[in-house]
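Please read the structure below before turning to the comments.
Please treat every number below as a calculation from the coordinates, not as lab data. Please read all numbers here as calculations on a predicted model, not as lab measurements. Every residue, glycine among them, receives a Cβ derived from its backbone with ideal geometry; neighbour counts consider all protein chains shown.
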Amino acid sequence: MGRDCPFCAIVAGESKAEVVYENDRCLAFRDISPQAPRHVLIVPKEHIPSIDQVEDPTLWISIMAAVREVVNRISPDSGYRLVVNCGEDAGQTVPHLHVHLLSGRPMGWPPG
Ligand code: 5GP
Ligand code: ZN
């Protein structure tokens, strides 16, 4: 568990979050500051600081399976966007790997 990591605290049940899905390796919960009508974060239960530090590539099977489950539950009939910010330049603020799933509004391209 990462010290002072807000997502580890959610995984451990020490902080509250609105969980929408869970599998053996991942937890999916609503973003506290949603940037779209539906905004969910999919995180590994293990503390991994960023996408650069995934040592076991099979983790992605669990993460992408979780994405599919969350889409089926919250947004089955609309498009969605997945975002992974890596590092300060990309705007990563929480140093625990997370995939943003955003849905429910039209989205521009390129992203800001
Ligand atoms: P990043 O900028 O690192 O890609 O995204 C971090 C995301 O985590 C932000 O969208 C932010 O709103 C969300 N977030 C930060 N702290 C918490 C928290 O304690 N609970 C939840 N549910 N979301 C959080
Ligand atoms: Zn963590």
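Between residue 78 and residue 51, what is the FRET efficiency for a Förster distance of 22 Å, r being their Cβ-Cβ separation, to the nearest 0.05? Result of the calculation: an efficiency of 0.30.
Counting only alpha carbon atoms, the long axis of helix 59-74 and the longest principal axis of the chain meet at about 40°. Net length available on complete extension from residue 35 to residue 1 is 9.5 nm, with 0.36 nm assigned per residue and the Cα-Cα distance removed. For the range 1-83, applying the loop criterion from DSSP together with a ceiling of 11 other beta carbons within 10 Å to the GluC sites (Glu not before Pro) yields 14, 18, 55. Working note: Cα gyration tensor of the chain, eigenvalues times five, square-rooted, sorted largest first, giving semi-axes of 21, 16, 14 Å. Evaluated with a Cβ-only charge set (Lys, Arg +1; Asp, Glu -1), the chain carries a dipole of roughly 440 debye about its Cα centre, given to the nearest 20.
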